[in-house]
Amino acid sequence: MRKLFGTDGVRGTANTHPITAEMALRIGAAVGRYFRRDQSGAHRVVIGKDTRLSGYMLENALTAGLTSTGMNVLLLGPVPTPAVGLMTRSMRADLGVMISASHNPADDNGIKFFGPDGYKLSDQAELEIERLIEEGVKPAQAQNIGRARRVDDARFRYGERVKSSLSRDLRLDGLKVVVDCANGAAHRTAPEVLWELGAEVIPVGIAPNGKNINQNCGSTNPQLAAETVVAHGADVGICLDGDADRVVMVDELGQVADGDQLMALLATSWAQADRLKGGALVATVMSNLGLERHLAARGLRLERTAVGDRYVVERMREGGFNLGGEQSGHIVMSDYATTGDGLMAGLHFLAEMVHSGRKASELSVQFETVPQLLKNVRYGEGQAPLETASVQAAIADAEARLNGQGRLLIRKSGTEPLIRVMAECEDDALLTQVVDGIVAEVEAVAS
């Protein structure tokens, strides 16, 4: 079992274990040793970050650890997570590092890694890195210490790559677009790209101060964008999260569409154009049953994975699929990117609007969702609520009651001390009863 790594890298509250300068130094040294295959001076790593105040601390500590093992560090500054995946591969780096806690509050931070192919690391690689962190690594000899330098054009390289995923003749002229950048990593890139493609851009969430990332804005708080769309009579809104690897869309009426609806639109469109490889969409166990029904009605399959966009990507690579993602808004288009890319996915929604001539509200509701209820229960350090007899009995009872009428999913969060209880059922009363019953038992154990 991994001790440091969760669903998406190492994450926690800044300046508390494991997100401390000391631990970042050790992590940097360990991952540097893992990826430095020989004693040549050609090894390099790219580091990006979002706009959190603690990013400066972690960036410096990671750089120290990496250079101590002989890695040359290229500092990209604030860029979206998908930019790190792209730049790792395009700059022939051995490793990519993104300092971000994604959609979490500003006091949190995290460290996630990309291999030389631009993809996130496997569980096996993370286990080996954890072993190196625990054992410690021998630093490089004095003459082999690495260097560090800034890369000034990272966001421009990324912006051009995002635009290149669209057809060359696509223009957004005449579209009024609200883009909410969550005071995060895409606060400059996203408005620039939209303007360059011809859109009239109304940006919000573009004034980061180190402490306001995701604060009352972004993909997890789309109310600001929805209100702005309606107030300005905009055609559509794009809501990114702090590191811009996820997106939700807002139609001209202010209604929000999640990742499931966006994936349904793209899968249907790509299948009609014979672009959907393998006749399937890859999504996690959290995606709505309505999405699965929508695809089946069109002769397409839904391949489900564990929660986490890297598990989606792993299945896509195994099966040769080119479209996948999560209900939360991670949309992976592997023909163009190695990980979820919120800005790219948002642009492809706009492309569908342009090509079809239809309003956002006509495209953003592709299927009727099956009622879904998700509740989170926090537990204390050292507790294991799911292993207790009373909670297991409550889960077994809920599964029996839902048999043939819906589905149940219980899991531990990979980033926080939470038990996530989710169920789907056409019967709203039964749905509430089974979820609340399990939540009550977990709360009783965790109290």
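The values are calculated or read from the model by the stated rules, or taken from the named source; none is laboratory data. From a predicted model like this one, the values you see are computed outputs, not experimental measurements. Cβ placement follows ideal geometry from the backbone for every residue including glycine, while neighbour counts extend to all protein chains displayed. Quick note on the areas: whole protein, heavy atoms, side chains included, nothing else; ligands and nucleic acids left out. Shrake-Rupley method; radii C 1.70, N 1.55, O 1.52, S 1.80 Å.
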message: Given (1) within 24 Å of the chain's Cα centre (by Cα); (2) open to solvent by less than 30 Å² (accessible area, probe 1.4 Å); (3) modelled with pLDDT of 95 or more, identify the lone condition not met by L121.
response: (3)
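I'm checking my understanding of the structure. Among residues of the stretch 293-302 that are part of a helix (DSSP H, G or I) and either of a type in the set (V, I, T) or surrounded by fewer than 21 Cβ atoms within 10 Å (Cβ to Cβ) (or both), which one is modelled with the highest pLDDT? If you could, list the steps in order and put the result at the bottom.
At the first step, the residues of the stretch 293-302 found to be part of a helix (DSSP H, G or I) are 293-296.
From what is left, the residues that are either of a type in the set (V, I, T) or surrounded by fewer than 21 Cβ atoms within 10 Å (Cβ to Cβ) (or both) are 293, 296.
Working: R293: 94, A296: 97.
This residue is A296.
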message: Yes or no: the stretch 365-379 includes at least one residue that is within 30 Å of E441 (Cβ to Cβ) and open to solvent by less than 10 Å² (accessible area, probe 1.4 Å).
response: yes
message: Residues that are within 22 Å of the chain's Cα centre (by Cα), within 30 Å of D173 (Cβ to Cβ) and surrounded by 14 or more Cβ atoms within 10 Å (Cβ to Cβ): does the stretch 352-360 have at least one?
response: no
field: Any hit, the stretch 303-323, residues being touching a helix residue (DSSP H, G or I) at 6+ places or on another chain (Cβ under 8 Å), part of a helix (DSSP H, G or I) and either surrounded by fewer than 20 Cβ atoms within 10 Å (Cβ to Cβ) or at positive phi (or both)
entry: yes
message: Please verify whether T228 is touching a residue at least 12 places away in the same chain (Cβ under 8 Å), farther than 16 Å from S102 by Cβ and not hydrophobic (A, V, I, L, M, F, W, C), treating the condition exactly as stated.
response: yes
- line: Out of (1) crowded, with 17+ Cβ neighbours inside 10 Å; (2) over 30 Å from V79 (Cα atoms), the one Q392 does not meet is (1)
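Give the residues of the stretch 2-19 that are hydrophobic (A, V, I, L, M, F, W, C) and either within 16 Å of A306 (Cα to Cα) or buried (at least 22 other Cβ atoms within 10 Å of the Cβ) (or both), sorted by residue number.
Once the filter is applied, which keeps residues that are hydrophobic (A, V, I, L, M, F, W, C) and either within 16 Å of A306 (Cα to Cα) or buried (at least 22 other Cβ atoms within 10 Å of the Cβ) (or both), the stretch 2-19 yields F5, V10, I19.
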query: Among the residues of the stretch 148-170, how many are touching a strand residue (DSSP E or B) at 6+ places or on another chain (Cβ under 6 Å), open to solvent by less than 20 Å² (accessible area, probe 1.4 Å) and outside any helix (DSSP H, G or I)?
result: 1
- prompt: Across the stretch 95-127, what is the number of residues that are among the polar types (S, T, N, Q), touching a residue at least 12 places away in the same chain (Cβ under 8 Å) and more than 19 Å from P78 (Cα to Cα)?
  reply: 1
- prompt: Mind checking which residues of the stretch 242-270 are in contact with a helix residue (DSSP H, G or I) (Cβ under 6 Å, 6 or more places away or on another chain), more than 27 Å from R301 (Cα to Cα) and open to solvent by 10 Å² or more (accessible area, probe 1.4 Å)?
  reply: E252, L253, G254
field: Among the residues listed as E22, E59, the single one being surrounded by fewer than 24 Cβ atoms within 10 Å (Cβ to Cβ), within 23 Å of E416 (Cα to Cα) and in contact (Cβ under 8 Å) with a residue 40 or more places away in the chain
entry: E59
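Among the listed residues Y311, Y336, identify the single one that is aromatic (F, W, Y), within 16 Å of L266 (Cα to Cα) and either modelled with pLDDT under 95 or out of contact with any Cys (no Cβ under 6 Å at 6 or more places or on another chain) (or both).
On the way: Y311 fails: within 16 Å of L266 (Cα to Cα).
Result: Y336 is the single residue among Y311, Y336 that is aromatic (F, W, Y), within 16 Å of L266 (Cα to Cα) and either modelled with pLDDT under 95 or out of contact with any Cys (no Cβ under 6 Å at 6 or more places or on another chain) (or both).
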message: I'd like to verify a number: residues in the stretch 324-346 that are farther than 23 Å from T7 by Cα and assigned to a helix (DSSP H, G or I), how many?
response: 1
statement: Taking the stretch 171-186 and keeping only residues that are within 17 Å of H348 (Cα to Cα) and open to solvent by 10 Å² or more (accessible area, probe 1.4 Å), one is left with R171, D173, G174, L175, K176
query: Only one of these conditions is not met by D235: (1) farther than 14 Å from L350 by Cα; (2) over 19 Å from the mean Cα position of the chain (by Cα); (3) surrounded by 20 or more Cβ atoms within 10 Å (Cβ to Cβ); (4) of a type in the set (D, E). Which number is it?
result: (1)
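Yes/no per residue for (1) closer than 18 Å to V79 by Cα; (2) surrounded by fewer than 24 Cβ atoms within 10 Å (Cβ to Cβ); (3) charged (D, E, K, R); (4) over 14 Å from the mean Cα position of the chain (by Cα):
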| residue | (1), (2), (3), (4) |
| --- | --- |
| I331 | yes, no, no, no |
| A337 | yes, yes, no, no |
| L343 | yes, no, no, no |
| L347 | yes, no, no, yes |
- request: Please go through the stretch 125-147 and pick out each residue that is buried (at least 18 other Cβ atoms within 10 Å of the Cβ) and in contact with a Ser or Thr (Cβ under 7 Å, 6 or more places away or on another chain).
  value: V137, A140, G146
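Consider E416 carefully, then state whether it is under 24 Å from the mean Cα position of the chain (by Cα) and among the acidic types (D, E).
yes
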field: Segments classed as helices (runs of 4 or more DSSP H), wholly inside the stretch 347-447, with at least 1 members that are of a type in the set (A, V, I, L, M) and farther than 30 Å from A234 by Cβ
entry: 389-402, 428-446
- prompt: Residues in the stretch 403-414: is at least one of a type in the set (G, A, S), at pLDDT below 95 and more than 30 Å from P105 (Cα to Cα)?
  reply: yes
